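Enquirer: Below are the structure tokens for one structure; questions will follow.
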Amino acid sequence: MKYFIMFGPPGAGKGTHAAPMVKKYNLKHISTGELLRSEIAAGTELGKQAAALIEKGNLVPDEVVEGMIAQTFAKYPEVNGFLLDGFPRTVQQAMDLDEMLEARDEYVTGVISLMIPDEEIKARIKGRALIEGRADDASDETIANRIKTYHAKTEPLIEIYKDKGIYHEIDGIGSIEEVQKRVFAMMDKL
Ligand code: ADP
């Protein structure tokens with residue numbers, strides 16, 4: 001099994017590029033954000049607790065997302081691998097992922113990192129708010145907190161994956177087609 005991580009700040013285009021990647025490389029896409037949003041839509045207890053955190057731009061607890069990840073790993077034995085989108089997002093989640101994979105004699109194959117500057121994050125999320133209507137895209141305060149959370153909690157993962165020699169950064173600025181070409185060119189090497 002291959003385990004790819006789609007990394008990057010909010011609004012970098014992780015979900016957009018994940019869709020064609022999973023088709024081309026026969027991977028199962030696991031988006032923790034999407035999984036959480038379907039819990040919210042279904043009105044589950046987990047969804048209710050997550051909604052309050054997500055709407056303020058905070059992270060949900062590590063054990064919640066890790067439970068969802070472990071369940072999805074167990075469900076898809078027939079794929080070539082998994083594309084993790086939005087996970088790991090904290091140093092603890094990265095360590096727990098390593099442990100989960102080690103238990104199955106596996107490891108992270110590669111981290112594809114889509115990089116865009118903070119100003120571009122804000123502009124893209126505002127554009128997306130008009131189309132998708134996500135609660136966490138609606139207010140400037142929430143967007144600012146998500147950017148802050150990304151820098152404080154998620155960005156430190158870059159050094160961890162660089163040290164492991166599996167970090168591959170891609171310039172996320174450009175048209176979807178241009179960025180997709182860069183992503184595929186990178187994936188073909190991994
Ligand atoms: P984006 O990449 O635009 O921030 P996501 O759909 O990946 O959007 O995530 C939306 C929200 O869901 C995050 O802001 C966070 O509150 C929550 N979330 C998603 N993944 C995780 C995770 N791995 N750990 C904690 N919270 C998460």
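Enquirer: Using only alpha carbon pairs under 8 Å that are at least six residues apart, calculate the relative contact order of the chain and give it in whole percent.
Expert: Rounded, it is 33 percent for the chain.
Enquirer: Further, regarding this structure: Using modelled amide H (1.01 Å from N, peptide plane; none on Pro or chain starts), what sits under 5 Å from the amide H of Tyr3, excluding residues fewer than 5 places away?
Expert: Sorted by chain and number, the residues that satisfy this are Phe82, Thr109, Gly110.
Enquirer: Based on DSSP H runs of at least 4 residues, each adding -39500 (n - 2.57), what is the mean residue ellipticity at 222 nm of the chain after dividing by all its residues, to the nearest 500 deg cm²/dmol? Mind dumping the intermediate values first?
Expert: Values: 9 runs with 105 residues, N = 190.
-17000 deg cm²/dmol, from helical runs alone.
Enquirer: Grab the alpha carbons of region 56-161, take their convex hull, and tell me the volume per residue in Å³. Don't skip to the end; give the middle numbers.
Expert: Details: hull volume 13.5 nm³, N = 106.
Enclosed volume per residue, from the Cα hull, is 128 Å³.
Enquirer: A further question follows. What distance in nm separates the two pseudo spin-label positions at Glu132 and Lys75, each 7 Å out from Cα along the beta-carbon direction?
Expert: Label at Glu132, label at Lys75, 1.9 nm between them.
Enquirer: So, one more: May I ask you to compute the full-extension gain from Leu101 to Glu63, defined as 0.36 nm times their residue separation minus their alpha-carbon distance, rounded to one decimal in nm?
Expert: 12.1 nm
Enquirer: Just the number, please: carbon plus sulfur as a percent of the accessible area of the chain, 1.4 Å probe, no ligands or DNA/RNA counted. The partial results should precede the final answer.
Expert: Numbers: 5120 of 9720 Å².
Of the solvent-accessible surface of the chain, carbon and sulfur hold 53 percent.
Enquirer: Right, another one. Taking the Cα centre of the chain as origin, sum charge times position over the Cβ atoms of Lys and Arg (+1) and Asp and Glu (-1), and report the length of that vector in debye to the nearest 20. Each step should come with its number before you reach the end.
Expert: Values: 24 positive and 31 negative charges, 105 e Å.
Value, rounded to 20: 500 debye.
Enquirer: Which of the chymotrypsin sites (Phe, Trp or Tyr not before Pro) found in region 54-158 are loop residues per DSSP with 15 or fewer other Cβ atoms within 10 Å of their Cβ?
Expert: Tyr107
Enquirer: List, in order, the whole-Hz ³J(HN,Hα) value for each residue of region 8-21 obtained from phi through the Karplus relation with A = 6.51, B = -1.76, C = 1.60 and θ = phi - 60°; use x for Gly and Pro.
Expert: x, x, x, x, 6, x, 4, x, 4, 7, 5, 4, x, 5
Enquirer: At q = 0.19 Å⁻¹, what is the base-10 log of I(q)/I(0) for the chain according to the Debye formula with one equal point scatterer per Cα and no solvent? Please give it to two decimals.
Expert: -1.54
Enquirer: Determine the sum of side-chain charges near Tyr107: Lys and Arg each +1, Asp and Glu each -1, restricted to other residues whose C-beta is under 13 angstrom from that of Tyr107.
Expert: Overall, the nearby charge balance is -2.
Enquirer: List every residue whose amide H lies under 5 Å from the amide H of Glu169, counting only residues 5 or more places away in sequence or on a different chain, with H placed 1.01 Å from N in the peptide plane.
Expert: Amide H neighbours of Glu169: Ser113.
Enquirer: Taking θ = phi - 60°, what integer Hz values does the Karplus form 6.51 cos²θ - 1.76 cosθ + 1.60 yield along region 111-125, in sequence order, with x for Gly and Pro?
Expert: Working through the residues one at a time gives 10, 9, 10, 8, 10, 9, x, 3, 4, 5, 4, 4, 4, 5, 5 Hz.
Enquirer: May I ask which residue of Gly133, Thr90, Ala70 lies farthest towards the positive end of the charge dipole of the chain, with charges of +1 (Lys, Arg) and -1 (Asp, Glu) on Cβ and the Cα centre as origin?
Expert: Gly133
Enquirer: On to the next question. Let me check something: with ligands and nucleic acids excluded, how do Arg146, Arg89 order by accessible area (1.4 Å probe), largest to smallest?
Expert: Details: Arg146 30, Arg89 75 Å².
The ordering from most to least exposed comes out as Arg89, Arg146.
Enquirer: Please work out the average accessible area per residue across the chain, using the 1.4 Å probe convention, and give it in Å².
Expert: Heavy-atom accessible area per residue stands at 51 Å².
Enquirer: Of Leu130, Leu35, Leu157, which has the largest mean-square fluctuation in a 10 Å C-alpha GNM of the chain?
Expert: Sorting by GNM fluctuation, first place goes to Leu130.
Enquirer: If you don't mind, another one. Between Asp171 and Leu53, what is the label-to-label distance in nm when each label sits 7 Å out along the Cα-to-Cβ direction?
Expert: 3.6 nm
Enquirer: In square angstrom, rounded to the nearest 10, how much accessible surface does Ile143 have for a 1.4 Å probe?
Expert: 10 Å²
Enquirer: Within the set of other residues whose C-beta is less than 11 Å from the C-beta of Lys153, count the net charge using Lys and Arg as +1 and Asp and Glu as -1.
Expert: Summing Lys/Arg as +1 and Asp/Glu as -1 gives +1.
Enquirer: For region 122-167, what are Rg and Dmax over the alpha carbons, in angstrom?
Expert: 14.0, 39
The values are calculated or read from the model by the stated rules, or taken from the named source; none is laboratory data. Model, not experiment: these values are computed from the prediction. Neighbour counts are summed over all protein chains in view; Cβ atoms, including those assigned to glycine, are modelled from backbone coordinates with ideal geometry. For accessibility, only protein heavy atoms count, side chains too; no ligands or nucleic acids. Shrake-Rupley method; radii C 1.70, N 1.55, O 1.52, S 1.80 Å.
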